[in-house]
1. Tabulate in residue order the Karplus-calculated ³J(HN,Hα) for the stretch B:149-161, using 6.51 cos²θ - 1.76 cosθ + 1.60 with θ = phi - 60°, rounded to whole Hz; enter x for Gly and Pro.
2. Could you work out how far the C-alpha centroid of the stretch B:1-22 sits from that of the stretch B:258-301, in angstrom?
3. Roughly how many Å² of A:LYS107 are accessible to a 1.4 Å probe, to the nearest 10?
4. State the antiparallel share, in %, of DSSP beta bridges confined to the protein assembly as shown, rounding to the nearest 5.
5. Hey, rough spin-label estimate for B:ILE333 and B:GLU62, points 7 angstrom out along Cα→Cβ, what's it come to in nanometres?
6. Using a 1.4 Å probe on the protein heavy atoms, what percent of the accessible area of the stretch B:54-209 belongs to carbon and sulfur?
7. Round to the nearest 10 and give me the degree value, 0 to 90, for the angle of helix B:12-49's Cα axis relative to the longest principal axis of chain B.
8. Can you give me the solvent accessible area of B:LEU161 with a 1.4 Å probe, rounded to the nearest 10 Å²?
Amino acid sequence: MMKNEYALQLSNISKKYQDGEQENLVLKDISLKVKPGEFIAIVGPSGSGKSTFLSIPGALLTPSDGSVILGDTKLSKKESKKLTKIRREKIGFIFQNHHLLPFLTAKEQLQLVIDMNKKSGKSCMNADEMLEDLGLTPCANKYPAKMSGGEKQRVAIARAFMNNPELILADEPTASLDGIRGRQVVEMIKKEVVKHNKAAIMVTHDERVLDLVDTVYRLDNGLLQRAVNR
Amino acid sequence: MKLAWKELKYSKTKYILIESIIILMIFMVIFLSGLANGLARAVSASIENADAKYFVINEDAENLITISGMPIDTLEQVSEATKGPVTQLDIQRMNLTTAGSETKLDVTYFAIDPDSFLAPEPSEGQMLPSSGTEYTIVLDDSFLEEGIEIGDVVVDANSGLELQVIGFIKDEMYGHSPVGFISTATYTAINQEINPSYEVKYHAIAVQGTDIEDIHIDGLAVVDKATIVEHLPGYSAEQITINMILWVLVVISAAILGVFFYVITIQKQKQFGVLKAIGMGMPELTGMITSQVLILSLFGVIAGNLMAFGMASMLPSSMPFYLKLPIVVIISIVFVMISLCTSLVSTRKVAKVDPIVIIGGNE
Ligand SMILES: Nc1ncnc2c1ncn2[C@@H]1O[C@H](COP(=O)(O)OP(=O)(O)OP(=O)(O)O)[C@@H](O)[C@H]1O
Ligand SMILES: [Mg+2]
């Protein structure tokens with residue numbers, strides 16, 4: 001099979017939530033293509049559906065309509081086992097709250113991803129190199145409780161890249177950090193995206209980091225539009 | 001599983017607390033089983049120790065040797081109907097006094113033929129002699145704690161007959177009373193002392209072999225040992241009560257582990273959500289939960305057992321306590337199994353966690 005030119009292709013995605021009697025159409029006919037090595041940001045008012053939108057290529061939510069193609073794989077509906085496998089092998093998540101496991105050290109968090117992918121024989125990143133790259137070597141044997149907020153978020157970034165994914169998805173990765181540290185975190189994501197040639201989508205409120213991404217999209221009223229160049 | 005163990009290790013304090021409750025529960029259950037068996041032994045030890053498979057008694061004796069009775073020629077009849085050895089047995093509860101003391105000591109006589117297979121093996125002193133003019137008795141060693149020694153003379157309280165103590169024997173009890181072995185001749189003498197017109201009768205005939213098909217004697221029935229034991233006064237009632245408490249405790253303690261674990265699982269829902277979001281499947285998550293419960297319950301069982309066995313070795317011998325390994329093993333296995341079953345509730349909870357809760361701002 002020929003390798004797809006795009007890491008992600010979303011075509012005519014819509015998503016509605018049943019809200020009592022009413023239907024709430026959160027996403028209206030959205031199409032988006034992201035290439036490997038491309039870092040895009042999505043901005044928009046609160047409640048505009050950014051998290052919902054991110055969950056769809058993240059194989060956490062199936063769209064009401066439209067198709068998702070991740071690398072060479074079309075995400076089918078309603079097969080939660082397959083979706084789990086896709087998340088394990090093809091997606092790297094960075095959450096707003098680092099969501100590291102409290103009982104694992106930084107290195108063990110990364111090792112867990114390697115262990116999870118062992119059975120299918122998928123090649124993963126090297127945990128030590130990844131920690132080194134993100135300046136986390138001193139934290140390798142620390143538990144999350146003993147790390148600073150920025151360090152935790154960097155470990156989360158490292159974890160997202162560990163499975164060598166097609167696509168990195170970040171939902172407000174800087175929300176719990178101050179301006180300087182938030183910017184550092186986005187710089188790290190940018191660096192790894194370029195280095196490993198990954199596609200990445202980041203939802204953010206922070207206008208100050210938008211200069212680090214390749215393209216900015218605005219989600220409003222269920223529609224996704226390319227923001228005018230600043 | 002690595003993850004399961006790391007989590008237990010990280011939240012040591014929490015799990016040690018739970019574990020100590022589990023250990024205490026198991027200890028209590030095992031201890032209770034020791035007590036149950038101990039009480040059972042206090043009622044039935046001498047019957048269980050007897051090297052007989054069957055007892056011939058009156059049909060209408062309700063499986064009780066003590067209220068059965070038959071003429072002495074029955075022994076001959078039974079002997080002819082079966083190939084293996086048979087012998088007579090009389091069981092009667094009486095009192096003893098020691099020389100120079102007024103206190104009456106409870107005793108149950110097992111009157112036997114000293115040459116038969118029912119003759120016990122004394123742990124101290126001698127066996128009853130086959131014949132002789134003196135009246136002799138071999139006592140359960142709990143009489144040692146009353147200050148009775150070999151060579152002492154004890155007096156049968158009803159007849160006033162003097163019996164010489166020639167030996168002691170371990171673990172011989174009947175109906176909560178310690179047993180004294182005497183010969184049939186001594187037993188007859190005691191009864192003749194009480195009632196001069198006493199005619200020799202046997203309470204039961206013990207059969208050593210298993211070929212009982214041809215024993216057909218009017219008014220008599222052949223009863224196996226288990227049935228005799230079960231119908232000993234108090235035996236079933238005590239056992240049913242204690243065993244019910246015991247099994248209820250087994251179930252409750254396993255359920256407590258399940259409930260604790262469920263509460264912890266609810267606290268950790270977010271973590272399970274993260275694991276699911278980064279692509280861990282239900283089989284692995286189930287494995288993690290199950291192995292944690294397995295570790296907790298196995299460790300609890302082992303530690304609880306060690307405590308119970310340690311305690312048992314320190315108890316005085318007069319305390320009715322007796323741990324039976326097969327029962328302890330069954331209790332332990334059942335506990336682990338029930339614990340694993342209750343962990344399914346936690347597994348179901350985790351199965352219902354939707355990883356989407358992780359995305360977005362919710363903490
Ligand atoms: N499970 C759900 N059921 C029904 N409605 C939902 C559900 N999840 C989200 N919504 C609705 O969909 C809309 C979009 O929600 P979403 O969380 O995607 O917004 P968002 O852009 O991420 O907001 P924020 O910037 O505050 O994180 C909201 O109006 C929300 O109420
Ligand atoms: Mg959101």
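The values are calculated or read from the model by the stated rules, or taken from the named source; none is laboratory data. This is a predicted model, so every value here is computed, not measured. Cβ coordinates were reconstructed from backbone atoms using ideal geometry, including for glycine residues, and neighbour counts include every protein chain displayed. These accessible areas exclude ligands, DNA and RNA; they are computed on the full protein's heavy atoms, side chains included. Shrake-Rupley method; radii C 1.70, N 1.55, O 1.52, S 1.80 Å.
1. With the stated coefficients, the stretch B:149-161 comes to 10, 5, x, 5, 10, 10, 10, 5, 5, 7, 9, x, 5 Hz.
2. 11 Å
3. 70 Å²
4. The antiparallel fraction comes to roughly 65 percent.
5. 3.7 nm
6. Carbon with sulfur: 44 percent of the solvent-accessible area.
7. Tilt of helix B:12-49: around 20 degrees.
8. 20 Å²
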